[in-house]
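I have placed the structure first, in the form of structure tokens, so that the comments after it can refer back to it.
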Amino acid sequence: MKVSPVLVIFTLTLVSSAARGQSPDSIRQMELSGDTMGARIALARAAASAPSSIPALTAYAEFLDRYGDPACREAYGKLLTALRNSGNTARAGAIAGR
């Protein structure tokens, strides 16, 4: 089955616009309803827009980990850096093992 480039662009635009400004609860609801791509995009944006936000980095890393995404290693690395920079050595030690 061949997918039209217009359909792909429309879908990506729709998912992209839906993912902007989502609350953690609405992102979780997206995931639970089966919109994992939308949830992933929203979490990635939240982590990228607030690179020192431990909650945003944690949510993104844990999401990627749940789905076995190889990008979770990099996400956990960023989380580890943020934790160490914040002085949270206990949690940094726990995350370092992941």
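FYI, it's all coordinate maths here, none of it is from the lab. In this text the structure is predicted, and so the values were computed from the model without any measurement. Neighbour counts are summed over all protein chains in view; Cβ atoms, including those assigned to glycine, are modelled from backbone coordinates with ideal geometry.
All other residues with a Cβ under 15 Å from the Cβ of Ala92 taken together, and with Lys, Arg as +1 and Asp, Glu as -1, what is their net charge? Write down the numbers at each step before the final one.
Working: positive: Lys78, Arg84, Arg91, Arg98; negative: none.
Neighbour charge sum, excluding Ala92 itself: +4.
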- Item | Within segment 35-60: backbone nitrogen closer than 14 Å to the Gln29 label point (7 Å, Cα to C-beta) | 35, 39
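Going by average Cβ density within 10 Å per residue, which order do the peptides 44-51, 56-63 take, highest to lowest? Display every interim value, and only then the final one.
On the way: 44-51: 15.8, 56-63: 21.9.
The most tightly packed comes first, giving 56-63, 44-51.
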